[in-house]
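Here's the structure, in C-alpha cells; my notes come after.
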Amino acid sequence: MEENQELRKHLDDFNKLILDLRNVDVKIDEEDQGIILLSSLPKTYENIVDTMLYGKQSLTLTEVKSVLMSKEVQRKIEHKEDKNGNILIARGRSESRRINANRKCYHCNKEGHIKRFCPNLSQGVEPEVSLAIAADLGDGWTDSDVL
C-alpha cells in the first residue's frame, strides 16, 4: 500500500488478490491472510500492526479489517476537527478586534482602545478630566420629609 492511498481501495485490491488465488486453487488460512494484510500496510500504520501482531494469540482477517476501518474513521474525524478548529481560531481573533473598536478609553476619552492599551498612558500624558457639576435645586424637601 502506498502512503497516500486510501485504506478502502487497498482492502479491495487485497480481496481481489485473495479471490484470484482461490480461483487457481491456492488456499490461505484466515490468520495468514490477516498477517499478510498487516504486513502490506505502510509505516503510518506501524502502531496498529504491532498491537495486532503482538497483542493477540490469534487473529483473523475479519478482526484486522474491522480494526483498520475503525482506525481510518477515527483519523478522518480527527482531521476534520483540526480543520474546524483552525477556522474557529481565525474567526475568534477578528471578532475581538471589532469589539475593541467600540470601546472608549477611560484615560484619554478616545474610542478604539481601553485604558490598559492607551498610548498616552505610557508617554506620561495627563488624562483628560471630565467635570461633573452638581446642581442644588433647593426645593426645600429633604429625604426625611418624603418618607
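The values are calculated or read from the model by the stated rules, or taken from the named source; none is laboratory data. Here the structure is a predicted model, which means the values were calculated and not measured. All Cβ positions, even for glycine, are placed from backbone atoms using ideal geometry, and neighbour counts span all protein chains on display.
Yes/no per residue for (1) small (G, A, S); (2) at pLDDT below 65; (3) under 30 Å from K56 (Cβ atoms):
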site	(1), (2), (3)
K71	no, no, yes
R75	no, no, yes
L88	no, yes, no
S96	yes, yes, no
Y106	no, no, no
S122	yes, no, no
V129	no, yes, no
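Look through D25, D32 and report the one residue that is of a type outside the set (V, I, T), over 31 Å from the mean Cα position of the chain (by Cα) and surrounded by 11 or more Cβ atoms within 10 Å (Cβ to Cβ).
D32
Find all pairs meeting these conditions: Cβ atoms under 9 angstrom apart; at least six residues apart or on different chains; first residue within the range 41-69 and in contact (Cβ under 8 Å) with a residue 60 or more places away in the chain; second residue outside any helix (DSSP H, G or I) and surrounded by 11 or more Cβ atoms within 10 Å (Cβ to Cβ).
L68/L41
For the range 1-60, give me each residue that is aliphatic (A, V, I, L, M), over 23 Å from K76 (Cα atoms) and part of a helix (DSSP H, G or I).
Step one: of the range 1-60, the residues aliphatic (A, V, I, L, M) are 1, 7, 11, 17-19, 21, 24, 26, 28, 35-38, 41, 48-49, 52-53, 59.
In the following step, the residues that additionally are over 23 Å from K76 (Cα atoms) were identified as 17-19, 21, 24, 26, 28, 35-36, 53, 59.
Those that are aliphatic (A, V, I, L, M), over 23 Å from K76 (Cα atoms) and part of a helix (DSSP H, G or I): L17, I18, L19, L21, I35, I36, L53.
If you take the residues in the range 35-56 that are of a type in the set (D, E, K, R) and within 17 Å of K71 (Cα to Cα), which one is surrounded by the fewest Cβ atoms within 10 Å (Cβ to Cβ)?
Applying the filter and picking the extreme gives K43.
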